[in-house]
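A short worksheet on the structure shown next.
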Amino acid sequence: ATGFEEDLAVNQEIVAQLRSALSQSYSKCEAIKRVLLELEADATGDRAMLDQHSQDPESDAFSFPALRTRVQVCWANVLSSVESQQKLKIFLQERQKSLLEKKSGLVMQVEELSARRLELDKELAEVSRMEAERDELFRREVELEHGVSEARRRVRDLELGRKALQERQAERQIRRRLFGGGSASSPRGSPPPGVVAFTISTGRQDPLLSGRSDGRWQGCRRSSCSIM
């Protein structure tokens, strides 16, 4: 009896150890399941399975083989997504490089255009200055033309006045000759009484004023110019 009790005690101790080991193994398995479900939730963004496991951890849907299959599929999707992201990253890096090179070219063009704009601004300022000078010269030309026209008009007026004065002087001399001398004998070369010589002024010096009237008188007499 004593030996049986000892064996029973040993068996009970072994069973207790097995139960403890099984409990620890179960706890570890559940912890692993929890980790797998959390990884899946993080990878997919869907926490529905994690919430269901919290409510019913003993469901067949959460058996270790089922979870392992789900995790493998999820992991494959993650790897595929990472590969796609890597390809996208390479594409974006190459595009960034291309855009940076293009940007450098555009910056150079902007600098060249800015320099060209400064040159054009200087040329425009010079053109504006020249246009202002041209306008001033045109204004002066108009003033000079007006002055010349006015001077010509004054010259014409003076010429007409001089001509009128010469004609009046000639008329006075003719009147003096007609009415001043009476019946006195006419000097040699002068027209007979009753006949008066005259000239039509052309703006030149009047021969009556220059003392050279004989030639003109002879010409006028030959042309029968007379006042009766």
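Would a scan of the stretch 14-37 turn up a residue that is β-branched (Val, Ile, Thr) and under 29 Å from Thr69 (Cα atoms)? Don't jump to the end; show me each part of the working.
Here is the first cut: in the stretch 14-37, the residues β-branched (Val, Ile, Thr) are 14-15, 32, 35.
Those still in the list that are under 29 Å from Thr69 (Cα atoms) too: 32, 35.
Within the stretch 14-37 (the criterion being β-branched (Val, Ile, Thr) and under 29 Å from Thr69 (Cα atoms)), the answer is yes, since at least one residue qualifies.
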Right, Lys163: in the same structural domain as Ala41 (by TED's automatic domain parsing), surrounded by 10 or more Cβ atoms within 10 Å (Cβ to Cβ), in a helix (DSSP H, G or I) and of a type in the set (D, E, K, R) or not?
no
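The values are calculated or read from the model by the stated rules, or taken from the named source; none is laboratory data. These numbers come from a predicted model, not from an experiment. Positions of Cβ are backbone-derived with ideal geometry, glycine not excepted, and every protein chain shown enters the neighbour counts.
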